[in-house]
Structures are given as structure tokens and as C-alpha cells.
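Structure first, then comments.
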Amino acid sequence: MLEILSYSFMQRAFVVGNIIGVICPLIGTFLVLKRLALIGHTLSHVALAGVALGMFLGIYPVYMALIISIIAALGIEKLRQNYKDYAELSLSIILAAGLGVATILISLINGNSSIFSYLFGSISLVTNQDLFIILPLGFIIIGIINYFYYGFFAITFNEEEAKLAGIPVKSLNILFMILVSITVSLSMRIIGGLLVSSLITIPVATGLQISTSFKETIKYSIIFSLLAVNFGLILSFYQDLAPGGTIILISVIYLLGALGYKKIKTSLNDSQENTLESKIN
């Protein structure tokens, strides 16, 4: 372990990875329970278009990914309001547009292999510039979620009741979509654009298996995410594997373990209830 930390790029990777390991499931818990988990998938592909555009124009790719994904997030929210009964249409429209633009731009910068670090993630290419962007924005996201927690909680479960309670639903939805787009853009450096939506949803799916409340879901989701990120970075370093894929596979293993744990626990409870009933009878 000490050997890993002797490398400056691994120090940066662990710092960035742990920030991402917190904000992805934190945002993901609200997304999953709002039944909008595919927004992360949509915005990750749009962010790729931003990365490709940045490379094509000679601008730092993360900046362009942030700008383009925020614009896309606002577009999704606008279309979601226009297609209230068919909200998934907004995702399909933005996803199709993002993929189209990304494909064209990637073909135009075909000679630039660094695009693959944004597609699949990279630990060796995390720079100080990435650190200076991801670290403050990560803490800002955590702070905003904490400050507006009860508002986000209310609109997650019932927007109509939240409106009646005087909560600024429209403003909070726009703010939340911006936070999602920033989270996706920041996560691409370690996880990769093709896999970032998985870190937003899989730890949450794991947390839901063993939690009994909303706050517990957030807590367990973050714990499983951090475990996956740190073990994934260590394994990818020693085995020379893609960090994004390694982290996501470890997340899937945790999910399978949680599913097995819940099944065993349910079986034991059912067995105890049947034994108690037989004794009573």
C-alpha cells in the first residue's frame, strides 16, 4: 500500500476517486428514488461530446464537458416538463443528440488517443488541474445537497405535495440537474464516460438492499462506493487494469453479496416465523 502512495499520480487518483466515490451515490440516491436513474447515463454520453469538443477546439476537456452537460441537463429538465406523461422522451432526445455529436467529433480527432482515458477512465493521467477542479466542486456539491436536503427529499417522492408545502420545486429541480451534470463530468477522469452512470446507480442499488430509511440508503451507498473505488484503484494499479471497469465490477460483486445477504436473512426470518407459529399451534 505504501508503494502505491509513493507515486504522485496515485495520490491524486485516490483523492479524486474518494471525492467521486462520495458525490456519485449521494446524487444517485435521489436520482434512483425519483426513478430517473437513466439521466446519469444520458449525461455521461453528452459529457463525452463536451470532451471531444474540447479536444477539437484545444480547450481543456473537463471545462467543455461541464458546460455541455449543464446545458444538456437544463434541456432535459425543460423537455421533462413539456412531456410530463412521457418523461423518458427527454432522455432519449438528449442522449441521441449527445451520441451523434460525440461520434462526429471523435472521428474528427481520430489521431488523439487521450480520448480513451475519458471513455474508460485513467489513474495515470489524473493531473493537478483535475485535482484543483474536482476537489472544490465536489465539496460544493456535498454542501449544496446538505443545505437543500429536505427540499430535495420532498421533490424526490412527491413534487405535487412539495409545491403545496411551498417548496420551490422548479428551482430545486434545475439546481439538482446542474449538480448531476457536474458530478458526471467530474467522474469521467477516473471512471470513464461509458461507466460513470454505473457508479451513480449500483452502490445505491446495493444500499437499498440493507437499509431501512432514506438516510441509511445514502450512508450505505457511499460506504459501498468508497470501498469499490479504493479497492478498484489498488487492483487496477497492481494488475494494470482499466480503473473504471475494475471499480464497477467490484460494485457489482458488492450488489450480488447484498442480494444474497437479503435472501438469506429473509429465509431465516420466514423459518423463525414458521417455527413460532408451529409452537403456538
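The values are calculated or read from the model by the stated rules, or taken from the named source; none is laboratory data. A quick note: this is a predicted structure, and the numbers were derived from the prediction, not measured. In this analysis, Cβ positions are derived from the backbone assuming ideal geometry, glycine residues included, and neighbour counts consider all displayed protein chains.
Residues that are surrounded by fewer than 14 Cβ atoms within 10 Å (Cβ to Cβ), over 19 Å from residue 43 (Cβ atoms) and either out of contact with any helix residue (DSSP H, G or I) (no Cβ under 9 Å at 6 or more places or on another chain) or modelled with pLDDT of 90 or more (or both) do not occur anywhere in segment 199-208.
Scan segment 132-166 for residues that are modelled with pLDDT under 90 and either surrounded by fewer than 19 Cβ atoms within 10 Å (Cβ to Cβ) or not β-branched (Val, Ile, Thr) (or both) and jot them down. Residues satisfying the conditions are 132, 157, 158, 159, 160, 161, 162, 163, 164, 165, 166.
Within segment 51-81, the set of residues being of a type outside the set (Lys, Arg) and in contact with a Ser or Thr (Cβ under 6 Å, 6 or more places away or on another chain) comprises 65, 66, 69, 70, 73, 76, 79. Every test in (1) among the β-branched types (Val, Ile, Thr); (2) buried (at least 24 other Cβ atoms within 10 Å of the Cβ); (3) farther than 19 Å from residue 30 by Cα is passed by residue 184 save one, and that test is (3). Of all residues in segment 210-231, those that are in contact (Cβ under 8 Å) with a residue 24 or more places away in the chain and either among the hydrophobic types (A, V, I, L, M, F, W, C) or surrounded by 20 or more Cβ atoms within 10 Å (Cβ to Cβ) (or both) total 12. The criterion of at least 2 residues that are at pLDDT 85 or above and surrounded by fewer than 22 Cβ atoms within 10 Å (Cβ to Cβ) is met, among helices (runs of 4 or more DSSP H) falling completely within segment 1-102, by 8-33, 38-57, 61-82.
Comparison of 135, 99, 125 shows that the only residue that is under 17 Å from the mean Cα position of the chain (by Cα) and either under 22 Å from residue 199 (Cα atoms) or not small (Gly, Ala, Ser) (or both) is 135. Within segment 233-253, being touching a residue at least 24 places away in the same chain (Cβ under 8 Å) and either touching a Leu at 6+ places or on another chain (Cβ under 8 Å) or of a type outside the set (Phe, Trp, Tyr) (or both) holds for 233, 234, 236, 242, 243, 244, 245, 247, 248, 251, 252.
Applying a threshold of 9 Å to beta carbon distances and a minimum spacing of six or more residues, or different chains, the list of pairs starting in segment 94-115 at a residue that is farther than 30 Å from residue 82 by Cβ and ending at one that is among the small types (Gly, Ala, Ser) and at pLDDT below 80 reads 114/122. Inclusion of residue 214 among residues that are under 25 Å from residue 43 (Cα atoms), out of contact with any Asp or Glu (no Cβ under 8 Å at 6 or more places or on another chain) and modelled with pLDDT of 95 or more is not warranted. Filtered by the rule that a residue be touching a residue at least 60 places away in the same chain (Cβ under 8 Å) and under 16 Å from residue 197 (Cβ atoms), segment 47-83 gives 47, 48, 50, 51, 65, 69, 72, 73, 76.
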